[in-house]
Amino acid sequence: MGGNRRGATGSDKDFTFVSSVVKYLLFFFNLIFWVISLVMVAVGVYARTVKYAEATLASLSVDPAVMLMVVGVLMFLITFCGCVGSLRENICLLQTFCISLVVIFIIQLAAGVLGFIFSNKAREKVTEVINDAIVHYRDDVDLQNLIDFGQEEFRCCGATTYLDWSNNIYFDCNQSNPSRERCSVPFSCCILSRNESVVNTMCGQGMQEREFGEAGKEIHTNGCIDMLVDFIHSNMFILGGIALGLAIPELVGMFLSQILINQIKDQIELQQYNLKHSADPWN
């Protein structure tokens, strides 16, 4: 700052390097995500306590309710540092907030790169998750609705083929299976015609006993993995834009916090300079 420093006389006592715009913009920015984190924790707790007894999504290797709570708590702590740090002009809290965002951004970037490099491994893992979900299809209504939505949306059936539904005890095509749904597939696998006035809800009955070409006239025979991969490839720019949109708040938080940190450091230097020269008769 050198010889351009302002003295502590007159109106210069009220001078500050800290911009109120940057300070409160960073505060409200963190406040929004702080509230979102509370909602995430509340939803996670609800899903864990109320729905856990019903084994919701029990087939997944990682409990989504626990994951939601963990992410919510981490987000709460990080945004708390941002809120308090900006209001109190605390460099330590602001640096913690900024470093946390940098680490999260690097992790997300690394995960994207690793997912692209090890796409086959990722495909195998997703296939395993879907097959596990098929096994527990009838165990919980929410899981059933989620699978049905995915199959209807992507016009697919099973993980890799419609025969994957034999992994479920109700749809198992084994001759010893006493279920009335033996060798069938869920209604969400069916090909629906808009011209039909009456919907045949039993269209998936016995489809696993039919050949691929014959079954393809009534149901979607392609697995959801292939359809999901095709969807990703055909919407690469849109998904990239979404990923960029998720990264923008992190970059904004890093940018604002770093600006505020530099302003606070300049203000501290100014105060130290004024304190050092407060007794200077030439000041």
Those residues that are touching a Ser or Thr at 6+ places or on another chain (Cβ under 6 Å) and part of a loop (DSSP other than H, G, I, E, B), I need them from the stretch 166-201; list them, please. TYR170, PHE171, ASP172, CYS173
Of the listed residues (GLY241, GLY204, GLY245, GLY253), the one being buried (at least 16 other Cβ atoms within 10 Å of the Cβ), in a helix (DSSP H, G or I) and not hydrophobic (A, V, I, L, M, F, W, C) is GLY253
Every listed condition ((1) over 20 Å from HIS233 (Cα atoms); (2) under 20 Å from the mean Cα position of the chain (by Cα)) holds for GLY150 save (1)
Among LEU143, LEU163, LEU114, the single one that is of a type outside the set (Asp, Glu) and modelled with pLDDT of 90 or more is LEU163
The correct count of residues that are part of a helix (DSSP H, G or I) and open to solvent by less than 10 Å² (accessible area, probe 1.4 Å) in the stretch 142-165 is 4
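The values are calculated or read from the model by the stated rules, or taken from the named source; none is laboratory data. Since the structure is predicted, the reported quantities are computational estimates derived from the model, not experimental observations. Glycine also receives a Cβ, built like all others from the backbone with ideal geometry; neighbour counts cover every protein chain displayed. Keep in mind that these areas ignore ligands, DNA and RNA; they rest on the heavy atoms of the full protein, side chains included. Shrake-Rupley method; radii C 1.70, N 1.55, O 1.52, S 1.80 Å.
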